[in-house]
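Chemist: Please find one structure pasted underneath; my questions will follow.
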Amino acid sequence: MHEHDMVIKNGSVVFPYVGVQKTDIGIKNGKISAIGADIAADSAKQVLDATDRYVFPGAVDSHFHVGIYRPLAEDAVSESTSAASGGVTTILSYFRTGQDYLNKVGPFKEILPELLEISEKSFLTDFGYHIACMTDGHLEEIEWLVTQGGVSTLKYYMFYKLLTLAGATPEAKNYLMIDNPVDFGYLYRYMQEVARVNRLYRQYGTISLSVHCENPEVIQATQAAVKANPSGVPMKDYSNARPPWQEELAINEVAIMAKYADCPINLLHLSSQKAVEAGTDVTERYPQVSFLMEGTLHHLGLSNDMDLDQTAKVNPPIRSGADVEFLWQALMDNRLKTVVSDHACPPLKRKDGDLWTCMPGFGGTSLMFPVLITEGYHKRGMPLHRIAEVNSANPARYHNLYPKKGAVMVGSDADFAIVDIDAEKQITLESLYTAQEFSPELGMKYKGWPDITVLRGQIIFKNGQIVGKPGNGQFIKRPVKLHYT
Ligand SMILES: [Zn+2]
């Protein structure tokens, strides 16, 4: 009988909020069972030698879209594989009713079990869902989602309101398969209900609403102006069509409503200096409201000063090099709290044709460590333990997974990314382990690739080989303090 199932020996362990320490880690029954200077190799069934490697807590990629453009089961298998290759051990994906995703409407009490049944057979990594309420009936289910469903974060998509207003075309209305408006009146009632449930359950973790902050009415005007007079550089045109100031406007609209509704808010994928300044401003102005400011890998890693084609179209758009520098400063001085991929993979044929109608979004989850280590640690001196904060501990805390996830502590899930911070690779499609047929990062060189990914004590990726199987991943009910203690 071994004291540990596995011991990770001789690695430099990256402790969020603390620093890097050379130490060994013991694992038993999927959880961290010991942390100490010299855990005997013969005390464990299996030994992983991490000499010259950094042992990070497994990344929590808290913004992801599985099953939006391809069948959910297929997409969950291929894209959680991509995540596993990148040292991501937990995915929090978005879900709503309507077209794309599962193409159905109805109560979440019926749809969530179906979603989880498909997901439990498909994911290689652990997973959870953020849910977008689209009807009044859904608002009445929020308390059930938290206490029974294991979903503690909700979402509002600001640009869907245009699809539901009086002048919307029948196709637009069909897309969401609802006949009620999801306008700002709906958003206000949505915030009030999230706030009510948060007050009931906040001892277990903050129940929050995530908002994509772009103002759709403004974009109609600014996009028409750019379309009439394009520069011909697609990613600059796309950025000008959705200028940073309309992010600033949207953030202020949401923040004012959140103040009156008393609702915790996650400001998603802040792309620009103006967006970060607006988020900082409302955080200071309304200290009674909890705001999370989220950054993404692609807004940190790409700029529209680079030679990018329209496959890099994403909402909000890729911004200027000056904006990218500002985002790095905001990340290093702890204004941006989390870094996520916003992984969403349209088929290449839906990226073709007209810039204005082709699909937005692309994948990036497997670059979680390479972007942060190359652009953050190597280029800008971001400490490694801060990287573990923004890609693991902070997303786990803000989304109610901590300390089951995001912590290197005895009793936490034994999820690790064992990373060679100096290994350099040039990006090919094969190196991303994705089903996506393109990548804006192809040909770029990054350092800091994971060699080994461990999920609850099981190796799921090792030395370029995917070892995990679909179905290895578990649904993690949130708040974990409500559901697991
Ligand atoms: Zn997204």
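Chemist: Can you pull out every residue in region 9-47 that is within 21 Å of Val419 (Cα to Cα) and out of contact with any strand residue (DSSP E or B) (no Cβ under 8 Å at 6 or more places or on another chain)?
Modeler: The answer is Tyr17, Val18, Gly19.
Chemist: Filtering region 62-81 down to residues that are open to solvent by 10 Å² or more (accessible area, probe 1.4 Å) and within 14 Å of the ligand (Cβ to nearest atom), which residue is nearest to Ile452 (Cα to Cα)?
Modeler: Ranking the candidates gives His65 first.
Chemist: Which condition does Thr164 not pass, out of (1) open to solvent by 10 Å² or more (accessible area, probe 1.4 Å); (2) of a type in the set (Ser, Thr, Tyr); (3) touching a residue at least 60 places away in the same chain (Cβ under 8 Å), if it passes all the others?
Modeler: (3)
For (1) touching a helix residue (DSSP H, G or I) at 6+ places or on another chain (Cβ under 6 Å); (2) at pLDDT 95 or above; (3) within 16 Å of the ligand (Cβ to nearest atom), each residue gets a yes or a no:
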residue: Lys45; (1), (2), (3): no, yes, no
residue: Asp49; (1), (2), (3): no, yes, no
residue: Asp52; (1), (2), (3): no, yes, no
residue: Val60; (1), (2), (3): yes, yes, yes
residue: Ala83; (1), (2), (3): yes, yes, yes
residue: Tyr94; (1), (2), (3): no, yes, yes
residue: Glu117; (1), (2), (3): no, yes, no
residue: Glu120; (1), (2), (3): no, yes, no
residue: Leu124; (1), (2), (3): yes, yes, no
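Chemist: Scan (1) surrounded by fewer than 19 Cβ atoms within 10 Å (Cβ to Cβ); (2) under 21 Å from Met177 (Cα atoms); (3) of a type outside the set (D, E, K, R) for the single condition Gln148 breaks and write down its number.
Modeler: Among (1) surrounded by fewer than 19 Cβ atoms within 10 Å (Cβ to Cβ); (2) under 21 Å from Met177 (Cα atoms); (3) of a type outside the set (D, E, K, R), Gln148 violates only (2).
Chemist: Show the residue pairs that are 6+ apart or on different chains and have beta-carbon atoms under 8 Å apart, the first residue being within region 268-282 and closer than 14 Å to Gln329 by Cα, the second being away from the ligand (no atom under 16 Å from the Cβ) and among the acidic types (Asp, Glu).
Modeler: If the second residue must be away from the ligand (no atom under 16 Å from the Cβ) and among the acidic types (Asp, Glu), the pairs left are Ser271/Asp323; Ser272/Asp323; Gln273/Asp323; Lys274/Glu248; Ala275/Glu248; Glu277/Glu248.
Chemist: Of all residues in region 86-135, which are aliphatic (A, V, I, L, M), open to solvent by 10 Å² or more (accessible area, probe 1.4 Å) and within 30 Å of Ile452 (Cα to Cα)? Write out each step before concluding.
Modeler: Start the filter on region 86-135 by keeping residues that are aliphatic (A, V, I, L, M), which leaves 88, 91-92, 102, 105, 111-112, 115-116, 118, 124, 131-132, 134.
With open to solvent by 10 Å² or more (accessible area, probe 1.4 Å) added as a condition, the list becomes 102, 105, 116, 118.
The answer is Leu116, Ile118.
Chemist: Please work out which residue is nearest to Ile91 (Cα to Cα), limiting yourself to region 405-438 and to residues that are polar (S, T, N, Q) and open to solvent by 10 Å² or more (accessible area, probe 1.4 Å).
Modeler: If we filter region 405-438 for residues that are polar (S, T, N, Q), which is where we start, we get 412, 426, 428, 431, 434, 436.
The next check asks that each one be open to solvent by 10 Å² or more (accessible area, probe 1.4 Å); those that pass are 426, 428, 431, 434, 436.
Values: Gln426: 25, Thr428: 23, Ser431: 19, Thr434: 15, Gln436: 18 Å.
Among those that are polar (S, T, N, Q) and open to solvent by 10 Å² or more (accessible area, probe 1.4 Å), it is Thr434.
Chemist: Scan region 13-27 for residues that are surrounded by fewer than 19 Cβ atoms within 10 Å (Cβ to Cβ), touching a residue at least 24 places away in the same chain (Cβ under 8 Å) and assigned to a strand (DSSP E or B) and jot them down. Break it down stepwise before answering.
Modeler: Quick first cut of region 13-27, residues surrounded by fewer than 19 Cβ atoms within 10 Å (Cβ to Cβ) only: 17-22.
Narrowing further to those that are touching a residue at least 24 places away in the same chain (Cβ under 8 Å): 17-20.
Within region 13-27, Gly19, Val20 meet the criteria.
Chemist: So the check is Cβ under 6 Å with 6+ separation or different chains; which pairs have a first residue in region 328-348 that's away from the ligand (no atom under 13 Å from the Cβ) and a second one that's open to solvent by 10 Å² or more (accessible area, probe 1.4 Å) and assigned to a helix (DSSP H, G or I)?
Modeler: Trp328/Arg380; Arg335/Thr280
Chemist: Still on this structure: Inspect region 51-58 for any residue being open to solvent by less than 20 Å² (accessible area, probe 1.4 Å), within 14 Å of Thr125 (Cβ to Cβ), touching a residue at least 12 places away in the same chain (Cβ under 8 Å) and in a strand (DSSP E or B) and give the result as yes or no.
Modeler: yes
Chemist: Also, I was wondering about something else. Read through the list (1) touching a helix residue (DSSP H, G or I) at 6+ places or on another chain (Cβ under 7 Å); (2) touching a residue at least 40 places away in the same chain (Cβ under 8 Å), then give the number of the only condition that Pro107 fails.
Modeler: (2)
Chemist: Only one residue in Thr169, Thr206, Thr222 is within 21 Å of Val146 (Cα to Cα) and either open to solvent by 10 Å² or more (accessible area, probe 1.4 Å) or at pLDDT below 95 (or both), so which one is that? First the steps, then the outcome.
Modeler: Values: Thr169 fails: within 21 Å of Val146 (Cα to Cα); Thr222 fails: within 21 Å of Val146 (Cα to Cα).
One residue alone meets the criteria, Thr206.
Chemist: Residues Met177, Met191: which one is of a type in the set (A, V, I, L, M), open to solvent by 60 Å² or more (accessible area, probe 1.4 Å) and in contact (Cβ under 8 Å) with a residue 12 or more places away in the chain?
Modeler: Met177
Chemist: Given the options Pro264, Pro287, name the one that is farther than 24 Å from Met359 by Cβ, open to solvent by less than 20 Å² (accessible area, probe 1.4 Å), away from the ligand (no atom under 16 Å from the Cβ) and not hydrophobic (A, V, I, L, M, F, W, C).
Modeler: Details: Pro287 fails: open to solvent by less than 20 Å² (accessible area, probe 1.4 Å).
Exactly one residue qualifies, and that residue is Pro264.
Chemist: Show the residue pairs meeting these rules: Cβ distance below 9 Å; 6+ apart or different chains; first residue within region 231-244 and in a helix (DSSP H, G or I); second residue open to solvent by 20 Å² or more (accessible area, probe 1.4 Å) and small (Gly, Ala, Ser).
Modeler: Hits for this filter: Lys236/Ser320; Asp237/Ser231; Ser239/Ser320; Asn240/Ala225; Asn240/Ser231; Ala241/Ala224; Ala241/Ala225.
Yes or no, residue by residue, for (1) open to solvent by 10 Å² or more (accessible area, probe 1.4 Å); (2) touching a Ser or Thr at 6+ places or on another chain (Cβ under 7 Å); (3) within 16 Å of the ligand (Cβ to nearest atom):
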site: Ser366; (1), (2), (3): no, yes, no
site: Pro370; (1), (2), (3): no, no, no
site: Gly376; (1), (2), (3): no, no, no
site: Ile387; (1), (2), (3): no, no, no
site: Ala396; (1), (2), (3): no, no, no
site: Pro403; (1), (2), (3): yes, yes, no
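Chemist: Answer yes if at least one residue in region 29-41 is open to solvent by less than 20 Å² (accessible area, probe 1.4 Å) and either assigned to a helix (DSSP H, G or I) or within 20 Å of Ile476 (Cα to Cα) (or both), and no otherwise.
Modeler: yes
Chemist: Another one. Could you tell me whether any residue of region 291-313 is crowded, with 24+ Cβ neighbours inside 10 Å and either on the phi > 0 side of the Ramachandran plot or among the basic types (Lys, Arg) (or both)?
Modeler: Scanning region 291-313 turns up no residue that is crowded, with 24+ Cβ neighbours inside 10 Å and either on the phi > 0 side of the Ramachandran plot or among the basic types (Lys, Arg) (or both).
The values are calculated or read from the model by the stated rules, or taken from the named source; none is laboratory data. Everything numeric here is computed off the predicted structure, so don't read it as measured data. Positions of Cβ are generated from backbone atoms using ideal geometry, with glycine treated the same way; all protein chains shown enter the neighbour counts. These accessible areas exclude ligands, DNA and RNA; they are computed on the full protein's heavy atoms, side chains included. Shrake-Rupley method; radii C 1.70, N 1.55, O 1.52, S 1.80 Å.
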